[in-house]
Structures are given as structure tokens and as C-alpha cells.
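K.L.:
Questions regarding the structure given below will be posed in turn.
The values are calculated or read from the model by the stated rules, or taken from the named source; none is laboratory data. All of these numbers come straight from a predicted model, not from anything done at the bench. All Cβ positions, even for glycine, are placed from backbone atoms using ideal geometry, and neighbour counts span all protein chains on display. When the accessible area is computed, the model is the full protein with side chains, heavy atoms only, and any ligands, DNA or RNA have been set aside. Shrake-Rupley method; radii C 1.70, N 1.55, O 1.52, S 1.80 Å.
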Amino acid sequence: MANVRWGLLSTADINKDLIPAIRASERGALVAVASRSQEAATAYAKKWEIRTAFSSYQEMLDSNEVDAVYIGLPNHLHAEWTVKALQSGKHVLCEKPFALTVEEVDAMIAARNASGLVLAEAFMYRHHPQTKLAQQWIRDGRLGDVSLVRAVHCYKMSQRDGNIRLTPEFGGGSLWDVGVYPVSFVQMVMGGPPERVSAEQFIGETGVDEVFTGQLHYADDKLAQISSSFINPSHTLVEVFGTEGRLSLNRPFVRMDDGREMLFHGVDGSSKEVVVPETPLYLGEVEDMNAAILDGAPSFLALEESRNHVRTVVALYEAARTGTIVTL
Ligand SMILES: NC(=O)c1ccc[n+]([C@@H]2O[C@H](COP(=O)([O-])OP(=O)(O)OC[C@H]3O[C@@H](n4cnc5c(N)ncnc54)[C@H](OP(=O)(O)O)[C@@H]3O)[C@@H](O)[C@H]2O)c1
């Protein structure tokens, strides 16, 4: 196989970010799209100049036209279609959140193990040079001992009617939607899941959390705070506090403005920009999949990490719902 033949499983809005990334990737080609209706698939294929339009997801999975599928379905369908795709012999890049329960993640990993195919979570920011540089600075000890991380992802939802994020049965809620980014970043810094969590949430008329905040307690008394929201102006931030300095990332989870949004604050009160080469945000996850499929390279984001993200989010929701400290 010289190139990975990609298929889009649904006509999701997020595809608009994946399509340029697949096309820009050196060894990937976009060949198909599937939708729940032939009409929608055909119209989408025409708009985006995609060769084949399938009238159902299963039809694409049964065909020999694609090697890998990108799953941008509502959250409650991630596990079901990931398992079906792997059982049909297709590699899978599945959107975040990977699934809504640890049991679902375990079923996805079991299907991956049984098939020997590639499965990865589409956490695009993890592949970006800024994230890797921050990780490197922390690993190199440039901040000293890290004892606290604060991470935020908020936005004001403009399109509320029919939005999958506001439907409880679809895995709606700000924590599942954007709070997973702070959870993921904190886990990357701390090297694993927390020992225990506490949390508070504001549940709107929609029945989902529209504001969420959680506290996470890690081994060696390292602490973190995460927040997410659907009702506040857009804001993303990560601050990593060490004994020798603080690293702040003003655009950790979204496209950077000019590559100068990461700052190091020293103990002497000085601040310095850490310049990051700008790279298309979604390209890294596609290149990583292509390399895993074509070269057998290990995926950059391990499935155990994805499992721990879900485990942590489930614990945070339980803590908010019960008003108790939840131990993992
Ligand atoms: N990584 C990122 O930057 C990022 C950004 C945005 C979203 N996401 C993730 O991507 C996923 C999709 O988000 P989105 O905003 O693109 O969603 P969306 O535009 O609402 O698309 C979801 C698609 O799922 C299909 N679908 C199947 N069953 C459905 C149902 N019962 N109700 C509604 N749609 C159904 C539909 O495609 P057909 O009609 O063609 O079958 C629909 O177009 C979510 O998991 C979200 O967390 C990730």
C-alpha cells in the first residue's frame, strides 16, 4: 500500500478541518464519504470533490475502497462505529471524546487487538509543535518541580438549536465537548490519571453541564484545576506552575495566532516568549495514522492514555453529581 485511502464516516462539520489535513498529508488520499442518506452523501461528495459517496456507514465499511475511516459522529456513537469499522477491516481515527464509558473504551481496544489494525483518538493538539515543546520544557526540568496545572477551555455556543452537544443522551455537555482538552493536557503533564477528584457543575435547561470545574489530586500531592463552558466568550489557557518558573500557553487547544503565545515566567519576575513554528493543527494526527498504518510505527497517543482520559472524565461527572470526592 503506497497511500492510505481515507473515508469520512458522516458529513460532520468537523470534517472541514480533516479534509485539508488528509489532502496535505504526504501519504494519505481522501476517496470516500458515507452518510445516513445517499442524497446527503452525494451532495457532500460533490461539494468537497470526493470520488465515492456511500448511502450508509456500513456500506462504506463493507467496501474495498477505503483503508481507514475518520469518525466524527456524535459522542455516543464513537464506540459502536469504531468497533464496527475495526471488525470490517478498517483502521480508525476516532474523534474525542473517545467514548463515554471505560467499558466502551475497553470494547474498542479489544476490537483493535482482535483485528491488528490501527486505532487512535483524534486529539489534534497533542501532535502540535507547541504541545511537544511545552512537554519537552517540563521534562527537561526548566520549570523545576511542577506542582500545579490550571487549564481552561470555554466558548460561547452560538448555534444551539439541534446541537449534538446539548443532548444528554448524545454525550452532550461542556466537559465531554471541550473540558476533555484540559483533562488531557493535565494528564500529559502529570504522566497519568489523578488519584482523586472533586467537581462542581452548572446544568442548564438543556440538561447538560454548560459550565464545569474540577479539581484533580495526583500522586506526590500534585494538583490541577480544569474548567470548561458553553456560555462564556472563547478562552483557552494552560498554566503550568513549577518551583523555578511558570509556563503559560494562551492558545493551547486552538489554532495559534502568530506562534508567540507560549510564555515562560521566571522566578525573578521576567517573562519571555517561546516561539513555536506554526504547523496546521490537524495535520499531525493524520500523518501519525499514515505512519502507523504504512510503516507499523507506534501511535503517538497511546490507547491507555485515551482510556485514562475517559476514566477521569467519568469520575469528574460522578464527583459533580454526588458532591463527593471520587477516588480513581
Ligand atoms: N477535534 C476537534 O477539533 C473537534 C471539533 C469539533 C467537533 N469534534 C468532535 O467531532 C464530533 C462531531 O462533531 P460535529 O460538530 O462535527 O458534529 P455534527 O456537525 O453535528 O456532525 C455529526 C454527524 O454525525 C452524523 N450523525 C449520525 N447520527 C446522528 C444523530 N443521531 N444526530 C446527529 N448527527 C448524527 C451526521 O452525519 P450524516 O447525516 O452524514 O450521517 C452528522 O453530520 C464530536 O465527537 C465532537 O466532539 C472535534
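K.L.:
Based on this model, can you work out whether Leu316 counts as assigned by TED's automatic domain parsing to the domain that holds Val186, farther than 14 Å from Ala120 by Cα and touching a helix residue (DSSP H, G or I) at 6+ places or on another chain (Cβ under 7 Å)? Full working, then the answer.
P.N.:
On the way: assigned by TED's automatic domain parsing to the domain that holds Val186: yes; farther than 14 Å from Ala120 by Cα: yes; touching a helix residue (DSSP H, G or I) at 6+ places or on another chain (Cβ under 7 Å): yes.
Here the answer is yes, as Leu316 does meet what is asked.
K.L.:
Here is a list: Phe241, Phe230. Which entry is open to solvent by less than 20 Å² (accessible area, probe 1.4 Å) and either at pLDDT 95 or above or not assigned by TED's automatic domain parsing to the domain that holds Cys94 (or both)?
P.N.:
The unique qualifying residue is Phe230.
K.L.:
Something else now. Any chance you could count how many residues in the stretch 1-21 are open to solvent by 10 Å² or more (accessible area, probe 1.4 Å) and either basic (Lys, Arg) or away from the ligand (no atom under 16 Å from the Cβ) (or both)?
P.N.:
5
K.L.:
Tally up the residues in the stretch 141-176 that are among the basic types (Lys, Arg), within 16 Å of the ligand (Cβ to nearest atom) and not in a strand (DSSP E or B), please.
P.N.:
Residues that pass the stated criteria total 2.
Every residue, every condition in (1) outside the structural domain of Pro277 (by TED's automatic domain parsing); (2) closer than 23 Å to Leu316 by Cβ, yes or no:
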| position | (1), (2) |
| --- | --- |
| Phe98 | yes, yes |
| Asn113 | yes, no |
| Val118 | yes, no |
| Leu133 | no, no |
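K.L.:
Within the stretch 193-210, restricting attention to residues that are assigned to a loop (DSSP other than H, G, I, E, B) and over 17 Å from Asn232 (Cα atoms), which residue is most open to solvent (accessible area, probe 1.4 Å)? I'd like the intermediate steps shown before the answer.
P.N.:
Initially, the stretch 193-210 is screened for residues assigned to a loop (DSSP other than H, G, I, E, B), giving 193-195, 204-208.
With over 17 Å from Asn232 (Cα atoms) added as a condition, the list becomes 193-195, 207.
Values: Pro193: 43, Pro194: 7, Glu195: 86, Gly207: 41 Å².
Residue satisfying both the conditions and the ranking: Glu195.
K.L.:
Still on this structure, I have one more. Ala24 is checked against (1) more than 15 Å from the ligand (Cβ to nearest atom); (2) open to solvent by less than 10 Å² (accessible area, probe 1.4 Å) and fails just one. What number does that condition carry?
P.N.:
(2)
K.L.:
So how many residues does the stretch 86-103 have that are over 19 Å from Ala21 (Cβ atoms), touching a residue at least 60 places away in the same chain (Cβ under 8 Å) and away from the ligand (no atom under 13 Å from the Cβ)?
P.N.:
2
K.L.:
Let me ask something additional. Give the residue that is farthest from the ligand (Cβ to nearest atom), with candidates limited to residues of the stretch 45-70 that are open to solvent by 30 Å² or more (accessible area, probe 1.4 Å) and outside any loop (DSSP other than H, G, I, E, B).
P.N.:
Asp62
K.L.:
Now for a different question. State which residue is surrounded by the most Cβ atoms within 10 Å (Cβ to Cβ) when the search covers only the stretch 109-130 and only residues that are under 15 Å from the mean Cα position of the chain (by Cα), in a helix (DSSP H, G or I) and not aromatic (Phe, Trp, Tyr).
P.N.:
Within the stretch 109-130, the match that is surrounded by the most Cβ atoms within 10 Å (Cβ to Cβ) is Met124.
K.L.:
Quickly run through the stretch 83-108 and pick out the residues that are closer than 22 Å to Gly179 by Cα, of a type in the set (Val, Ile, Thr) and either open to solvent by less than 10 Å² (accessible area, probe 1.4 Å) or in a loop (DSSP other than H, G, I, E, B) (or both).
P.N.:
Thr101, Val105
K.L.:
For the structure I just gave you, tell me whether Ser306 is out of contact with any Pro (no Cβ under 8 Å at 6 or more places or on another chain), within 20 Å of Phe98 (Cβ to Cβ) and outside any helix (DSSP H, G or I). Quick ask: steps written out before the conclusion?
P.N.:
Working: out of contact with any Pro (no Cβ under 8 Å at 6 or more places or on another chain): yes; within 20 Å of Phe98 (Cβ to Cβ): yes; outside any helix (DSSP H, G or I): no.
Here the answer is no, as Ser306 does not meet what is asked.
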